[in-house]
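The values are calculated or read from the model by the stated rules, or taken from the named source; none is laboratory data. Not measured: the values here are computed from a predicted model. Every residue, glycine among them, receives a Cβ derived from its backbone with ideal geometry; neighbour counts consider all protein chains shown. These area figures cover heavy atoms from the full protein model, side chains too; ligands, DNA and RNA do not enter into them. Shrake-Rupley method; radii C 1.70, N 1.55, O 1.52, S 1.80 Å.
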Amino acid sequence: VASSGEGATLDGKGGTGLFYLDGGCSLTLRGLTLINGRDNSNGGVVYASNAGDVKIIDSTIRDCSAGESGGVVIARNSGAVSISGSTVTGCSARRWGSVVYAEDSGAVSILGSTVSGCSAAPMLPLALVACARGASAHGAVRVLEQA
């Protein structure tokens, strides 16, 4: 999904996640503004289960949340997750990974992006990325203000 020209905004209005992937599908989001994605369980913007790669490029992500894990992206048994050239602000998860939670999935990278005001479980305020069972994180993250 790519924006042309002035850009496009996808707004979950605080009541729904924005994308659900399965069956090996991959997703690339480019040049978009993704706001108010909310899932009561996992993945405020993208829920990927048995999916391919998830890429978010040159986008703005704001005020997205998950009731459990993956305020922006949750990947289970899926490919790699990458966020590049993007700005992520005010995203949260009640438990793990205010930005990304990956489990039994490919590598997670956040490169050339700015992350601010994001938080996960109270005892893990710096848990921007959480990985479990075979997933790994790498990359350079610039954190401006952390709760």
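Counting only residues that are over 12 Å from residue 103 (Cβ atoms), buried (at least 22 other Cβ atoms within 10 Å of the Cβ) and of a type outside the set (Ser, Thr, Tyr), segment 45-77 holds 10 of them. Scanning segment 2-15 for residues that are within 27 Å of residue 94 (Cβ to Cβ) and either touching a Cys at 6+ places or on another chain (Cβ under 7 Å) or open to solvent by 70 Å² or more (accessible area, probe 1.4 Å) (or both) gives 9, 13. Number of residues in segment 32-51 that are modelled with pLDDT of 95 or more, touching an Asp or Glu at 6+ places or on another chain (Cβ under 6 Å) and either in a loop (DSSP other than H, G, I, E, B) or basic (Lys, Arg) (or both): the value is 3.
Every condition in (1) among the aliphatic types (A, V, I, L, M); (2) closer than 18 Å to residue 12 by Cα; (3) open to solvent by 30 Å² or more (accessible area, probe 1.4 Å) is met by residue 80 except one, and the failing one is (2).
Within segment 113-136, at least one residue is open to solvent by 50 Å² or more (accessible area, probe 1.4 Å), modelled with pLDDT under 85 and on the phi > 0 side of the Ramachandran plot. Kindly establish whether residue 24 is open to solvent by 10 Å² or more (accessible area, probe 1.4 Å) and modelled with pLDDT under 95. The answer is yes for residue 24.
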